[in-house]
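The values are calculated or read from the model by the stated rules, or taken from the named source; none is laboratory data. For clarity, every value in this text was computed on a predicted model and none was experimentally measured. Glycine gets a Cβ as well: all are built from the backbone with ideal geometry, and neighbour counts include every protein chain shown. Surface areas here come from the heavy atoms of the whole protein model, side chains and all, with no ligands, DNA or RNA. Shrake-Rupley method; radii C 1.70, N 1.55, O 1.52, S 1.80 Å.
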Amino acid sequence: MAQTLSWKALLAHALIGTVLFAAANVATYYSSQYFQRERGYQDEVSGFFDRPHATAVFAGDSHVAQLDNELLADTAYNIAWGGDGLREVYAKLKYLAWRHAKIDTLYLTADPHMFGTGRLESSNRAFVNEYLLETGSRFGLEKGAASAALGLIPLFNDDFVQYLKKKIALSLKRTPPATVRDDEVAWQSLTDAQREAQARSTGEMDHAGIGRYREPFLWYERIAALARARGIHIVGVIYPSHEAYADSVSERQYAQLRQFLSSIGIDEIVDFRHAFSDPSYFADPDHVSRKGAVALLRLIGRQTGRQLLAADVDAPASIAARAAPGGNEPPTSVRRQ
Amino acid sequence: MLFHTAVYALFLPTVLGLYWLIGLLRPRGSGLQLQNAVLLTASYFFYGWWDVRFLGLIIASSVIDFVVGLGLEAAASPRRRRWILGASLVANLGILGFFKYYNFFVSSAVEAFGALGIDLHAPTLHVILPVGLSFYTFQSLTYTIGVYRRQIPAEHNPLAFLAYVAFFPQLVAGPIERAGHLLPQFLRPRHVSAAEFASGLRQITWGLFCKLVVADNCAVVVNSVFDHPGPLPGSVALIGAFFFAFQIYCDFSGYSHIALGTARLFGFELMQNFATPYFSQSIPEFWRRWHISLSTWFRDYVFIPMGGSRVSKPRYTFNILVTFTVSGLWHGANWTYVAWGFLNGLYYLPHIALGKLTPAKDAPRHSRTPILIALRVAVTFLLTLIAWIFFRAKTLGAALGMVGEVFSRSLFSNPLPLLRAAGVVTPMAFSAAAIALLLVLEFIQRDKGYALDVETSKWPARWAAYASVVAVIVCFRYTGSALDFIYFQF
């Protein structure tokens, strides 16, 4: 082994290496779509503090995220994001609580699919590590705090690497870029039979494994405990969906889940699963359209005695005015997953 | 604590900083003792991270061998020395046997008697196998046997001895060091040059590449093939075996590289454990280049004491078969490992019969043409592939079924539909690219201890190599939950 390298030279090399690595991290953070998405995600959460009068919070996954913040009254805010699981919901609420957010009501998703296999691991899981670390959470960092902290460095972030590998694989397969499709138009243009078939298969897929895993139950318990400690009232919301989608869960299962939620203090559950039958209220089998969102907010508000819909959209005409020309809706579906 | 986790990334610099701080403040005498104390504490912390109960076992084993060493030194009569050594062997192998083989032998005996129509009801116990037990037991045995043979003196410094047995870089998966090589390094001041330190970091980086990029990506394909519930066509079985060959190689050699690199940061030199084994041109050569520390252990402590090769051919054959079979059993309490060892022993037999055990580099010039070399490498690799099926399969029946398929017409069936259904085509592509990169780098650097040993290259090539390997680790590493090193279970 050559002995020409001095400690000084080695330190200089290490410094250069570190600077290059840091530069690569900065470049990655600002150029990658993954981190753009992360920033969007976190902006959505911190947006709560830009709405000083907000005391009601909506939380959940894409079903909830359809209730766009611009539709909501000043007293309400939606932190839901497509793909969120209950761990992510917990992390965001914990963060808001940690930053002394004055929340009195939490509209928490009580959709059965939150108990299913598909929601055990979220594609947004790395986005909330920062919240869990910042708030010193005892839960949610299964790989340990050190690992989560390391993941805050872009090139050490496992989820980013997964995203990158997937992107490389897709580009190697030369898959044509996905065409932008308006889900709502597509959904409405289907026949009843087609809608029913699609709703049934989506429902079966989304609801696979309900009640089989302990984790969702634990997360609901933790969310309930967190809310209780902060004096927050929880309203469980079951979101509207196509009948065939909702019916892929048996009444017995609904009753069992409701019983569980009640046992942890979530007594008030508003069930809208069969609220709409008109296809124009839906963007797909299990996501409401903008029209559906407005109607739903009105329904939830009425049922829970609270004005949730923004005053300027509380009229059908203004809904139409807000819609993009040609029937295209503003990008509510961006957050859908 | 795994080498490729964030916890270890905190643990290593902390221990290293403390260790060298002591070395700087107290370069002589008590400084050495303090450094050994830091190493011992760190090693026990490292080992206890898995399960604090394991610590009792390693401390007991170390204390027994330390006392045995002193006893062997004090005893004058050969008979007494034999008894003391016997006590050490019984204690060490007894612990190993109980924790690793109790259930295996009990259930095997029950099955054997059952086949003879005799019903036995022997209790099996829920025994947790402490990680690395086989490794430190064998390492500890090199000490007592060395003292017994008067090859090394008995150690009087308990701190140095305990640190030698528990030295964390190689504690759980080797290399299995000889006391004569490693123990003296705990007794003299350690110095590390900047070049050696840099070399340690390079070897760790290479080890991480092997583990995170090659081994763990291959694991996705391998698990999917070997955990498949029904029978598989030969083509898929062979693909599974191919990726397993690189998974186990890179998993284990990756660990060894990290161990060697880490030890070098502390001023220790460990023995090389792998020397590009898949470029071997024969099975004997493969075993000179694969898991060298274990192969030489079995050679020195099992094969040679049985008579080695300086006996009649039938006896030589017997010695080889026994050595390989025992070596298979060392890997795990399952008949699949026994079969794997025995099969490797069988592979040796043609070489014994033909008397061709010389290294390939000494072969006659006419047999050293590139085509013949490539052919021999390919045949050797294929033989190891078949053996790896036994190593990886869950049961002997499953292994035999897979090997049967490999030698059937289903070898020529299209594997893609099955692999696509299992969702492993993309991981397979990444793994294959990683393997190709590994082989190219290893071939270029085949005379070096590890492929990233580019110290003597010009700086642009050196930095390009570092940047490329780090970029590949960052971008293509396996990102699921951290996978244990395979050899930890042994």
Query - Enumeration of residues in the stretch B:188-203 that are under 14 Å from B:Phe268 (Cα atoms), in a helix (DSSP H, G or I) and more than 9 Å from chain A (Cβ to nearest Cβ) - result: B:Gly200, B:Gln203
Query raised in the report: Within the stretch B:465-488, can you find the residues that are open to solvent by 50 Å² or more (accessible area, probe 1.4 Å), at pLDDT 85 or above and more than 12 Å from chain A (Cβ to nearest Cβ)?
Result: B:Ser468
Query raised in the report: Can you list the helices (runs of 4 or more DSSP H) found entirely within the stretch B:396-446 that contain at least 2 residues being within 30 Å of B:Phe342 (Cβ to Cβ) and away from every other protein chain (no Cβ under 14 Å)?
Result: B:396-406, B:425-444
Report task. Run B:His4 past the list (1) part of a helix (DSSP H, G or I); (2) within 14 Å of chain A (Cβ to nearest Cβ) and report the number of the one that doesn't hold. Result -> (1)
Report task. Inspect the stretch A:92-109 for any residue being more than 14 Å from chain B (Cβ to nearest Cβ), in a helix (DSSP H, G or I) and of a type in the set (Asp, Glu) and give the result as yes or no. Result -> no
Requested in this report: Among what's in the stretch B:45-88 and is within 22 Å of the chain's Cα centre (by Cα) and assigned to a loop (DSSP other than H, G, I, E, B), pick the residue that is farthest from B:Phe99 (Cα to Cα).
Outcome: B:Trp49
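Using the structure shown, decide if A:Gly144 is without any contact (Cβ under 8 Å) to a residue 40 or more places away in the chain, more than 18 Å from B:Asp216 (Cα to Cα), within 10 Å of another protein chain (Cβ to nearest Cβ) and in contact with a Lys or Arg (Cβ under 9 Å, 6 or more places away or on another chain).
In short, no.
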Query - Options B:Pro78, B:Pro13; residue that is under 25 Å from B:Phe138 (Cα atoms) and loosely packed, with under 13 Cβ neighbours inside 10 Å - result: B:Pro78
Report task. Please indicate, with yes or no, whether at least one residue in the stretch A:80-100 is surrounded by fewer than 24 Cβ atoms within 10 Å (Cβ to Cβ) and over 28 Å from A:Ala149 (Cα atoms). Result -> no
Query raised in the report: Looking at the stretch B:201-215, is at least one residue of a type in the set (Phe, Trp, Tyr) and open to solvent by less than 20 Å² (accessible area, probe 1.4 Å)?
Result: yes
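Out of B:Ala112, B:Ala42, report the one residue that is assigned to a helix (DSSP H, G or I) and surrounded by fewer than 12 Cβ atoms within 10 Å (Cβ to Cβ).
Values: B:Ala42 fails: surrounded by fewer than 12 Cβ atoms within 10 Å (Cβ to Cβ).
Answer to the check: B:Ala112.
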Query raised in the report: How about the stretch B:274-286: which of its residues are open to solvent by less than 30 Å² (accessible area, probe 1.4 Å) and not aliphatic (A, V, I, L, M)?
Result: B:Phe274, B:Thr276, B:Pro277, B:Tyr278, B:Ser280, B:Ser282, B:Pro284, B:Glu285, B:Phe286
Report task. May I ask you to verify whether B:Leu133 is open to solvent by 10 Å² or more (accessible area, probe 1.4 Å), out of contact with any strand residue (DSSP E or B) (no Cβ under 6 Å at 6 or more places or on another chain), of a type in the set (A, V, I, L, M) and within 26 Å of B:Leu2 (Cα to Cα)? Result -> no
Report task. Tell me, yes or no, whether the stretch A:20-40 has at least one residue that is in contact (Cβ under 8 Å) with a residue 40 or more places away in the chain, in contact with an Asp or Glu (Cβ under 8 Å, 6 or more places away or on another chain) and buried (at least 17 other Cβ atoms within 10 Å of the Cβ). Result -> yes
Query raised in the report: Filtering the stretch B:419-436 down to residues that are aliphatic (A, V, I, L, M) and free of Cβ contacts under 8 Å to residues at least 60 places away in the same chain, which residue is farthest from B:Ile248 (Cα to Cα)?
Result: B:Ala421
Report task. Please verify whether the stretch A:115-122 includes one or more residues that are in a helix (DSSP H, G or I) and buried (at least 19 other Cβ atoms within 10 Å of the Cβ). Result -> yes
Query - Test result for A:Gln188, within 14 Å of another protein chain (Cβ to nearest Cβ) and modelled with pLDDT under 90 - result: no
